[in-house]
1. Could you check, for region 19-31, whether at least one of its residues is in a loop (DSSP other than H, G, I, E, B), at pLDDT below 80 and open to solvent by 30 Å² or more (accessible area, probe 1.4 Å)?
2. How about region 43-66: which of its residues are among the β-branched types (Val, Ile, Thr), away from the ligand (no atom under 15 Å from the Cβ) and assigned to a loop (DSSP other than H, G, I, E, B)?
3. For region 252-268, give me each residue that is open to solvent by 10 Å² or more (accessible area, probe 1.4 Å) and within 17 Å of Leu19 (Cβ to Cβ).
4. Please give the number of the condition Asn81 fails out of (1) surrounded by fewer than 20 Cβ atoms within 10 Å (Cβ to Cβ); (2) within 16 Å of the ligand (Cβ to nearest atom); (3) touching a residue at least 12 places away in the same chain (Cβ under 8 Å).
5. So which residues in region 218-238 are in contact with a strand residue (DSSP E or B) (Cβ under 7 Å, 6 or more places away or on another chain) and either among the aliphatic types (A, V, I, L, M) or within 18 Å of Val174 (Cβ to Cβ) (or both), if there are any at all?
6. Tell me, which residue of region 201-218 that is within 16 Å of the ligand (Cβ to nearest atom) and of a type outside the set (A, V, I, L, M) is most open to solvent (accessible area, probe 1.4 Å)?
Amino acid sequence: MTWHLKTNRLRVDLAGLRLANPTMLASGILGLSAESLSNTVMDGAGAIVTKSVGSKPRNGYANPTIVQTSCGLINAMGLPNPGINEFVKEIREAKSFGVPVVVSVYGFSAEEYATVAKKAVDAGADAAELNVSCPHVEETGVEIGQNPEILAEVVRKVKAVVEKPVFVKLSPNVANIAETAEVAVKAGADALTAINTVKAMAIDTETTVPILSNKIGGLSGPAIKPIAVRCVYEIYERVKEPIIGCGGITNWRDAVEFLLAGATAVQIGTAIALKGPSVFRKVTRGIDAYLRRKGFKSVNEIVGLSHRS
Ligand code: DHB
């Protein structure tokens, strides 16, 4: 049985997707197999985002691919995935959970993003989230997201072949994230996810060498929350399209902070790895209690509220 706090107060419309509550499973932490996705949904996520999928299978990097730091995780998996042709089975299965399924897509060219996104949507995905922000795989991810012309071309090519909403997941590793958001929106993005991980590394003082096999990875978790809140706040001032806040959300107060900054929904990733999927239930209950205590009738009333003060 899927757990959902059934109240109209928590319902949100995200670029046409209807969410029972504003929490979503972030891409990457879980999400490679339909079974692990179902555990999250049962624990009350309003929508799920899969692991990033590309046109061909990829093994990813050698171990170690993840390192825990004092207030977050650094990971460099190298985009391991079975390729879209194999992954369509998972998408079809995930559809049976009864919440919107967003497929995270990467590619090494605009055409590849478009082909993969189209196959994902044809298999039943309710939206595509373009990963133009993976911090360390060459010729994809942030190498695309940092270049306004290439980013716009990717978004335009995907929009031309996909009839479902297209979200663009932005990197904080740019000089001006609001400018990047505007480029994505002008090219047709229906919503923006902010933020992907922050470029980071860790060195083992005993062996004296970098811990991750790729040396550099992406930092997630509570360490990046204030960066992510600032990014959402800046994007909200610049574009009208909905923003999905992501970065270090661990409890309901973190989620409310993102909503106040301007996010319509929030994605949770690292907290699931560290605390288990029950965070969805706890965050959702906490947001609802906050809204009641403050006398708000809908979560929509607090989206961007901090800008009005
Ligand atoms: C990976 C991809 C990401 O988008 C990210 O933020 C961190 C790691 C990866 O697959 O290595």
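The values are calculated or read from the model by the stated rules, or taken from the named source; none is laboratory data. The shown structure was predicted, so the numbers you read here are calculated from the model rather than taken from an experiment. All Cβ positions, glycine included, derive from the backbone under ideal geometry; neighbour counts span all protein chains shown. Protein only, heavy atoms only, side chains kept; ligands, DNA and RNA dropped before computing areas. Shrake-Rupley method; radii C 1.70, N 1.55, O 1.52, S 1.80 Å.
1. Within region 19-31 (the criterion being in a loop (DSSP other than H, G, I, E, B), at pLDDT below 80 and open to solvent by 30 Å² or more (accessible area, probe 1.4 Å)), the answer is yes, since at least one residue qualifies.
2. Pass one, region 43-66, residues among the β-branched types (Val, Ile, Thr): 48-50, 53, 65-66.
Now drop any that are not away from the ligand (no atom under 15 Å from the Cβ), which leaves 48.
Result: no residue meets the conditions.
3. Residues satisfying the conditions are Trp252, Thr264.
4. Of everything listed in (1) surrounded by fewer than 20 Cβ atoms within 10 Å (Cβ to Cβ); (2) within 16 Å of the ligand (Cβ to nearest atom); (3) touching a residue at least 12 places away in the same chain (Cβ under 8 Å), Asn81 misses just condition (1).
5. Gly218, Leu219, Ser220, Ala223, Ile224, Ile227, Ala228, Cys231, Val232, Ile235, Tyr236
6. Initially, region 201-218 is screened for residues within 16 Å of the ligand (Cβ to nearest atom), giving 201-202, 210-218.
Going one step further and asking which of them are of a type outside the set (A, V, I, L, M), we end up with 210, 213-215, 217-218.
Values: Pro210: 40, Ser213: 52, Asn214: 49, Lys215: 112, Gly217: 0, Gly218: 1 Å².
Of everything passing the filter in region 201-218, Lys215 is most open to solvent (accessible area, probe 1.4 Å).
Matching residues to (1) buried (at least 24 other Cβ atoms within 10 Å of the Cβ); (2) closer than 15 Å to Thr270 by Cβ; (3) of a type outside the set (Gly, Ala, Ser):
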| site | (1), (2), (3) |
| --- | --- |
| Thr180 | yes, no, yes |
| Val183 | no, no, yes |
| Ala187 | no, no, no |
| Lys199 | no, no, yes |
| Ser220 | yes, yes, no |
| Arg238 | no, no, yes |
| Gly245 | yes, yes, no |
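Every residue, every condition in (1) within 20 Å of the chain's Cα centre (by Cα); (2) among the polar types (S, T, N, Q), yes or no:
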position: Ser70; (1), (2): no, yes
position: Leu73; (1), (2): yes, no
position: Asn81; (1), (2): yes, yes
position: Lys89; (1), (2): no, no
position: Ser96; (1), (2): no, yes
